[in-house]
Amino acid sequence: MHIPDGFLSTAVWATAGAVSVPSVAYLARKSHRALDDGQTPLMGVMGAFVFAAQMINFPVGIGTSGHLVGGALLAVTLGPAAASIVMTAILTVQALLFQDGGVLALGANVFNMAIAGVLAGYLPYRYWGGSSHRKAAIFSGGFLSVFVSACLAMGQLLLSGVPMPRPVTYVSLGLFAVSALIEGGITVAVAGALERLNPSWVRAPEEKPRVGLGLILVAAMLLVSLGALFASSLPDGLERLAENLGIAGRARNLFETPLADYQARFLATDWVRKAVAGLVGLGVVYAACMLIGRAVTRRAAVSRSG
Amino acid sequence: MLHRRDARMKLLALLAVLVAVATTQPFGLVTASGFAALLGAGLLISRLPVTGVLARAAVVLPFTVTFAGIAWLAGEAGRAFALIAKPYLSALAVLLVVATTPMPALLAAASSLGVPRMLVLVLQFLYRYLFVVAEQAQHMWVAAQCRGAALRTSHRAGRFRAASGTLAVLFARSYEKAEGIERSMLARCFDGRIRLLAPPRLGWRDLALLAFAAVAAWSWRWWVAS
Amino acid sequence: MSVLIQASDVRYRYDDGTLALDGVDFQLEEGETVALLGPNGSGKTTFVLHLTGLLQGSGEITVCGMPVRKENFAAIRAKVGMVFQDSDEQLFLPSVLEDAVFGPRNLGLPADQALAHARQALEQVGMAWAVAKAPYHLSAGEKRRVALAGVLAMSPQILVLDEPTTYLDPPTQRELIRLLKELPQAKILVTHDIAFAQALASRAVFFERGKVAALGAIDEIARRYDWRL
């Protein structure tokens, strides 16, 4: 789900941007490990491949068809850091050339799909990829990459105050699950076909299989994204939490001091209090994802260089 | 006249306008028409086909109208209007810049504005090979159809497998293409660093464009808010 | 006549175990044009990739007196200009001019000098009008010319052209022949297009299963192997 400009509240798109920009810079350095531009052709052409792949329809039944999104497939072939950069490039081109997703909303879309989505798509493979559940790992990677991104996007819309009655949220959740299942299926099928062509294209997972940890991580990912979704549909709850912790008040002071008079009046409105509370909630989710991400990429780098 | 302006200034002007549109609250008909007038003026001096650009920006509508509909049913008519007007005007602003700037110039500008060099290079390669790979995908798909991939007799599982096989081969071709590119780079003494051409010098017209867009959009925003 | 390339007993095995080159000897002299002929998969392209160290097997190769080794790669690649079969893979930068500048910049020339070389090379191949064009929008013949210009801008002594007539219509092929005839460099043509080879080369080397099966005057070789349509 590509969020266009004008949907997200300032707090949400600004926070997402503030998280995505340094993350992308960090990942760019990380995936630049060869210290030269020699691997950028592969990443660029793979981005073009994902674009082209989206033109090919997969029949999924009752007259409908789906297509590859690609986050998980890129992660198991190029590795998570490079896959994030490629997805970022894809989202940028989609926003600029095809008006698929906004330019200010790029921070949010990159966070949802290129950072959290790719990470969620890679984690199961990392811990199960070497086990006999290899196919299940790739499948759940494909599933999670789409499901997590969609939940985060939905959560950001809710946080921004886009009205969405409960039934609509449930129906959307169902639709997310269906498209996530399709992505899982396509990712397994394509990864399998790739391995038959050239086994070295699907990289070996860096970890020895640890099914238990993998399961916990997958469950955590699902819970975090669902939790984020429902927490954001209950901003009052989050707000109360933030107020209990005294964060909202402090945040308001922080906002008030440097700003001119009329804006302070503006800040006192309900809308801003909600936004600040939302921002804190979103920040908690982001921080969790970032910590997992950092840990994974750092350890991946260590095991690569070692 | 927009075509000749510096891409860096156009990008900054775009950001100024987008942020103004995004942060204006509330966003009613009057507010929207002010921004629309600014973008309309840009559209006229750009000499782009007006109806074409207006129609192109409408690709955001299916998504936005859905949510606006929900908002309207929920009794928030003002928000419903904003949910249509803001995305449409933002898309129009993006189109105005993208349609008057060649992609390579846009990427060079992004690079000199601090976008990580690696991301810019990946974007450059992505854009360069987008249509090359897409054409290949199209040929392969047609070939697969000719061999009967779409025959009514073939089962869904069979067609699913055919599609994934096609993708795997397309992946292989793309991989080979990337290896070929790298080889041709090495053959021309590539030493690990792609040197991008330096961006052209800024003229006063470029600065004036940025100043005008930023001042117009932000003074309108402040005037509406106060 | 001085010898530009001297290769002896070059062997190469692909990762999957297939023997691609099985003891190839080869020599190229200044100013001459040699055609490498032979069936698909006989090792012609694999061999020319060894000349600049893009592939490395066993055996001895010297280019302009320098053995092909890592420390000489930069100097050798500046002397040997390679035009690959797929122009799309060669023209990877966003505009024609940037592509032609890529080589000279890698040689360490300052920007203005590199630009001058690039423009001159584009002039030489008749593509100066296209400096600002995106390679994607060029025809196959134009792409081939730009690829050649990108190599000529580095002022090489030897040109290696891999299947240069692929995708070109007959008048465009004729143009390419005329253009190549004017260039003073020694040339190696890897091609299946015997008419093209005969128009440019005096000598031919015939590859078969990774070995040089025969070498000599091109007309003689073509006759011996019945190498015609």
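Laboratory data are not the source of any read-out in this text; all were calculated from the coordinates shown. Note that the coordinates shown come from a computational prediction; the quantities given were computed from them, not determined experimentally. Note: ideal-geometry Cβ built from the backbone for every residue, glycine included; neighbour counts use all protein chains shown.
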Study note, to complete from the structure: The relative contact order of the range A:10-219, taking Cα pairs under 8 Å that sit 6 or more residues apart, comes to a percentage of 24
Revision key, fill the gap. On the formula 1/(1 + (r/R0)^6), with r taken between the Cβ atoms of C:Ala132 and C:Glu220 and R0 of 60 Å, the FRET efficiency rounded to 0.05 is 0.80
Study note, to complete from the structure: Once B:Leu73 and B:Arg147 are pulled to full extension, the length gained, defined as 0.36 nm per residue separation minus their Cα-Cα distance, is 21.7 nm
Practice item. Rounded to whole Hz and in sequence order, give me ³J(HN,Hα) for the range C:122-132 from the Karplus expression 6.51 cos²θ - 1.76 cosθ + 1.60, θ = phi - 60°, writing x for Gly and Pro. Key: 5, 4, 4, 9, x, 10, 4, 5, 9, 3, 8
Review point. Can you give me the relative contact order of chain B as a percent, contacts being Cα pairs under 8 Å and 6 or more apart?
Key: 39
Practice item. Scan around C:Ala214 for amide H atoms under 5 Å from its own, H built in the peptide plane at 1.01 Å from N, and keep only partners 5 or more places away or cross-chain. Key: C:Phe206
Point to revise | R0 of 30 Å, Cβ-Cβ distance A:Ser131-A:Ala220: FRET efficiency to nearest 0.05 | key: 0.95
Revision key, fill the gap. Taking R0 as 35 Å and r as the Cβ-Cβ distance between B:Ala211 and B:Gln25, the FRET efficiency 1/(1 + (r/R0)^6), rounded to the nearest 0.05, comes to 0.90
Revision key, fill the gap. Env charge @ B:Arg205, Cβ radius under 11 Å, K,R +1 / D,E -1, value 0
**Study point:** Residue-averaged [θ]222 nm for chain B, counting only DSSP H segments that reach four residues, each worth -39500 (n - 2.57)
**Key:** -26000 deg cm²/dmol
Revision key, fill the gap. Diffing the range A:108-125: the Karplus 3J(HN,Hα) column from phi (6.51, -1.76, 1.60, θ = phi - 60°), in whole Hz with x for Gly and Pro, holds 5, 5, 5, 4, 5, 9, 8, 9, 5, x, 5, 4, 4, x, 9, 3, x, 5
Study note, to complete from the structure: If B:Arg56, C:Arg11 are placed from fewest to most neighbouring beta carbons inside 10 Å, the sequence is C:Arg11, B:Arg56
Check your understanding: Ranked from highest to lowest mean number of other Cβ atoms within 10 Å per residue, what is the order of the peptides C:87-95, C:170-178?
Key -> C:87-95, C:170-178
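Around B:Lys10, under 13 Å between beta carbons, what's the net of Lys plus Arg minus Asp minus Glu among the other residues?
Charge balance near B:Lys10 sits at +2.
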Practice item. Obtain the nm distance between the two label points defined at B:Val59 and A:Arg203 by a simple spin-label model: each point lies 7 Å from its Cα along the Cα-to-C-beta direction. Key: 3.1
Study note, to complete from the structure: Long-range amide H partners of C:Leu55, meaning residues 5 or more apart or on another chain whose placed amide H is closer than 5 Å, are C:His50
Review point. Around B:Ala187, with a cut-off of 14 angstrom between Cβ atoms, what is the net charge of the other residues, counting Lys and Arg +1 and Asp and Glu -1?
Key: -3
Check your understanding: Which distance in Å, rounded to a whole number, links the C-alpha centroids of the range C:170-223 and the range B:11-80?
Key -> 62
Check your understanding: Which of the aspartates and glutamates could a cross-linker bridge to C:Lys211, judged by Cα under 16 Å and excluding same-chain residues fewer than eight apart?
Key -> C:Asp9, C:Asp22, C:Asp25, C:Glu60
**Study point:** Averaged over B:94-103, number of beta-carbon atoms from partner chains that fall within 10 Å
**Key:** 3
Practice item. Under 20 Å from a label point 7 Å along Cα→Cβ of C:Lys181: give me every residue in the range C:24-47 with its amide N that close. Key: C:31-36
Study note, to complete from the structure: Residue-ordered couplings for the range A:68-75, obtained by feeding phi - 60° into the Karplus form 6.51 cos²θ - 1.76 cosθ + 1.60 and rounding to whole Hz (Gly and Pro as x), are 5, 9, x, x, 5, 4, 5, 5
Point to revise | Other protein chain Cβ atoms within 10 Å, averaged over every residue that makes up C:89-100 | key: 6
Review point. Which length gain, in nm to one decimal place, applies between C:Ser8 and C:Ser139 when the Cα-Cα distance is subtracted from 0.36 nm times their residue separation?
Key: 43.3 nm
Practice item. On a C-alpha basis, how far is the centre of the range A:108-147 from the centre of the range A:198-212 in Å? Whole number, if you could? Key: 13
Practice item. Please list the non-local residues whose amide H lies under 5 Å from the amide H of C:Arg203, H modeled 1.01 Å from N, same-chain partners needing a gap of 5 or more. Key: C:Thr33, C:Ala35, C:Ile218
